[in-house]
1. When you go through Leu254, Leu266 one by one, which is the residue that is crowded, with 23+ Cβ neighbours inside 10 Å, in a strand (DSSP E or B) and not hydroxyl-bearing (Ser, Thr, Tyr)?
2. Of all residues in the stretch 240-255, count the ones that are under 20 Å from the mean Cα position of the chain (by Cα), over 14 Å from Ala285 (Cα atoms) and not hydrophobic (A, V, I, L, M, F, W, C).
3. Can you give me the number of residues within the stretch 346-365 that are surrounded by fewer than 21 Cβ atoms within 10 Å (Cβ to Cβ) and outside any strand (DSSP E or B)?
4. Residues in the stretch 217-225: is at least one under 15 Å from Leu159 (Cα atoms), at pLDDT below 95, hydrophobic (A, V, I, L, M, F, W, C) and over 20 Å from the mean Cα position of the chain (by Cα)?
5. Look at Leu161 and say whether it is out of contact with any Cys (no Cβ under 6 Å at 6 or more places or on another chain), more than 25 Å from Ile265 (Cβ to Cβ) and surrounded by 16 or more Cβ atoms within 10 Å (Cβ to Cβ).
6. Could you please find all residues in the stretch 328-345 being within 15 Å of Asp129 (Cα to Cα) and either in contact (Cβ under 8 Å) with a residue 60 or more places away in the chain or in a helix (DSSP H, G or I) (or both)?
7. What pairs come out if I take residues in the stretch 117-136 that are touching a residue at least 60 places away in the same chain (Cβ under 8 Å) and pair them with residues that are among the small types (Gly, Ala, Ser) whose C-beta lies under 6 Å away, six or more apart or interchain?
Amino acid sequence: MPVLPSPPPFTLVNARVLSPDGLTSGDVAIVDGRITDSCAGRRVDALGLMVLPGMVDLHGDAFERHLAPRRGALRHLDDGLRAVEQELAANGITTAYLPQFWSWQGGMRGPDFARWLCVGLGKYGASLDIRVQLRLDVACHADFDDVRALIVEHGIDYLVLNDHLPHDALAAGKRPPRLDGQAIRANRSPTEHLSLMRELHDAMPQAWVRVADLLASFSDMRIGSHDDATPQERTEMRRLGAGIAEFPMTEETLQSARKAGDFIILGAPNVVRGRSHDRGVPARAMIEAGLCDALASDYHYPSLHHAAFTLKAGGMPLADAWALVSRSPAMMMGMDDRGVIAQGKRADLVLVEEGSRRLVGTIAAGRLVYVTEPLTMRLLAA
């Protein structure tokens with residue numbers, strides 16, 4: 001990955017700075033991409049602005065529309081990654097995991113696309129910290145040697161287990177729903193696609209044994225599972241080493257995860273909407289019950305900061321609400337250099353108008369990656 005030059009020092013003055021204890025008036029000085037306790041460089045007036053820790057998004061699918069706008073339209077991956085980075089920055093997300101499938105489903109969810117994304121991201125040279133979360137479909141057990149090689153080569157540090165086979169339909173000998181559309185996206189005939197699904201369904205006992213061996217070979221990688229529907233599913237995933245539960249589907253599953261000490265991620269759009277878009281639990285109620293450690297943008301990047309302010313409007317202290325999108329997900333990934341505004345930490349910051357809650361600036365490792373009014377004119381005047 002290209003090495004970016006060190007950004008010049010500067011200090012945000014007259015700001016309202018968020019700490020774990022709440023908002024306080026003060027200054028934030030930045031030198032060599034880190035927060036320091038002494039003023040340095042240009043002084044930028046941040047009067048009327050809140051300075052909040054940059055957000056850490058552990059699962060955001062919204063990148064897909066930039067990398068696959070229409071079939072064959074994106075010839076240069078840099079163009080798509082640039083659009084992804086700009087949208088992340090405009091929404092205050094300074095650390096982002098792109099959940100990329102390795103799946104039998106093919107197309108954008110297939111192994112070739114996963115390799116293409118990992119190689120392209122490694123060459124891109126992002127100003128933000130953008131990483132790949134590998135969403136491994138357990139049924140792809142024949143590919144596990146290639147999966148292990150991809151993880152090692154690209155330093156992937158977060159793997160999430162998925163099983164998207166329509167087992168009920170296959171076990172009953174029925175034609176799965178949406179078969180034709182899936183086959184077209186995978187560049188297969190419906191007959192070929194159905195035959196593959198049946199073959200993978202029959203081999204699932206072997207797949208579960210092999211995935212356990214794969215996961216056991218990695219000692220320092222975060223492992224999660226996605227959409228656990230029952231406490232039994234969560235227990236099995238935990239047995240495999242998946243200590244992170246992404247978007248559990250029922251309150252009983254959440255209670256099981258909490259009792260076992262698992263980390264729990266819920267969807268920010270669920271908080272903003274007030275309900276799940278797909279039969280899931282209502283996130284606000286689960287947060288109030290203490291059944292959530294972090295929020296993720298899921299399918300909509302702007303929902304991450306809107307969710308924090310929605311929780312604040314509902315009575316949660318801003319420091320606690322913002323921790324769900326910054327400090328807590330950072331801690332979950334073992335990133336102790338971000339998520340809070342403190343001396344020596346990465347200067348990953350979000351600037352928000354205190355009155356309107358409008359996001360007007362994003363700083364990533366000391367670099368201004370998104371700027372709009374009223375911050376633009378203040379920077380010119382500094």
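The values are calculated or read from the model by the stated rules, or taken from the named source; none is laboratory data. Worth saying up front: this structure is predicted, and the values here are computed from it rather than measured. Backbone-built Cβ (ideal geometry, glycine too); neighbour counts: all protein chains shown.
1. Working: Leu254 fails: in a strand (DSSP E or B).
None of the other options fit; the residue is Leu266.
2. Residues that pass the stated criteria total 3.
3. Number of matching residues: 5.
4. yes
5. Values: out of contact with any Cys (no Cβ under 6 Å at 6 or more places or on another chain): yes; more than 25 Å from Ile265 (Cβ to Cβ): no; surrounded by 16 or more Cβ atoms within 10 Å (Cβ to Cβ): yes.
Criteria not met by Leu161.
6. So in the stretch 328-345, the residues within 15 Å of Asp129 (Cα to Cα) come out as 329-330, 333-339, 345.
Within the stretch 328-345, Pro329, Ala330, Met333, Gly334, Met335, Arg338, Gly339, Lys345 qualify.
7. If the second residue must be among the small types (Gly, Ala, Ser), the pairs left are Ser127/Ala364; Leu128/Ala364.
Here is a yes/no grid of residues against (1) out of contact with any helix residue (DSSP H, G or I) (no Cβ under 8 Å at 6 or more places or on another chain); (2) over 27 Å from Leu295 (Cα atoms); (3) surrounded by 15 or more Cβ atoms within 10 Å (Cβ to Cβ); (4) touching a residue at least 40 places away in the same chain (Cβ under 8 Å):
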| residue | (1), (2), (3), (4) |
| --- | --- |
| Gly173 | yes, yes, no, no |
| Arg178 | yes, yes, no, no |
| Arg188 | no, yes, yes, yes |
| Ala203 | no, yes, no, yes |
| Leu214 | no, yes, yes, yes |
